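Here the structure comes first, spelled out in structure tokens, and everything after it is commentary.
Taken together, the values in this text are just the output of simple stated rules run on the coordinates, not laboratory data. Since this is a predicted model, take the numbers as computed values, not measurements. Glycine also receives a Cβ, built like all others from the backbone with ideal geometry; neighbour counts cover every protein chain displayed.
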Amino acid sequence: MNDDTLSPPFAPPRWLKIAISIAVVVHLWAVVAEPIRFSTRGPGGPSPAASAFRAPVGRYVDFLYLSHGYAFFAPDPGPSHLVAASWIDADGQPQTETFPDRNNQWPRLLYHRHFMLTEFLHNMHEPRSLPPDVPRDSVIFRDWRSGRDRYEMIRDGFANHLQHVHGGSAVQIDRVEHRMPGIPEFVEERIDLQNERLYLTLPDGLPAFDGIAP
């Protein structure tokens, strides 16, 4: 019998096994880090612990675009968010526009693009002020200031584009939350998904207190 037929299959070197194991662990870390940060986000932003857990693999997450909106593919997708724009046209008449609007954005891909923009704006939102007991030299204050500046830049970009398209006065941008009906509303009242009481204009600040803003 030829001894070659009994030779073992190729065995990768130890360093290659270690490298592959590390790559698998890093990838799994990145896969779970983003939904953990997403699910722990509150009015003041994501959980510091979740952000610290994601930080070492943050660039990898962004490079592979693992930071998309998981909530919309979950069993309980939660509310969606729209943008309501208002302005005064050249004739002095008040005008409004809300998007995304499935009647105005067509084909469906265009509607989805608008939907991504409004959700992006909402996810970037930081309140216009902080509680007065937050020190101005703290990390929390600096992170908030940076986030608020970023949000205002994006919001103003929306407003400037709409003013360029429609003309008239400066455009005011409001975020609108469209919640899903509760089980009693749906089963007992047979409420329509477009019922006006399912829409809520979100405040720009935290109305429970008089905060501080530079």
## Note on the structure
When the chain is treated as a Gaussian network with springs between alpha carbons less than 10 Å apart, the largest mean-square fluctuation among ARG197, ARG128, ARG148 is found at ARG197
### Task
In debye, nearest 20, what is the charge dipole magnitude of segment 10-70 about its Cα centre with +1 on Lys and Arg Cβ and -1 on Asp and Glu Cβ, if you could check?
140
### Query
If you place +1 on the Cβ of every Lys and Arg and -1 on the Cβ of every Asp and Glu, how big does the dipole about the Cα centre of the chain come out, in debye to the nearest 20?
740
### Task
Select from SER86, ASN103, SER146 the residue farthest towards the positive end of the dipole of segment 78-214; place +1 on Cβ of Lys and Arg, -1 on Cβ of Asp and Glu, and compute about the Cα centre.
SER146
### Message
About the Cα centre, and with charges only on the beta carbon of Lys, Arg (+1) and Asp, Glu (-1), how big is the dipole of segment 134-214? Nearest 20 debye, please.
### Response
340
## Note on the structure
Here the relative contact order (percent) of the chain, from C-alpha pairs under 8 Å and at least 6 apart, is 20
### Query
Quick one: what do you get for the chain if you divide its Cα Rg by 2.2 N^0.38 Å?
1.43
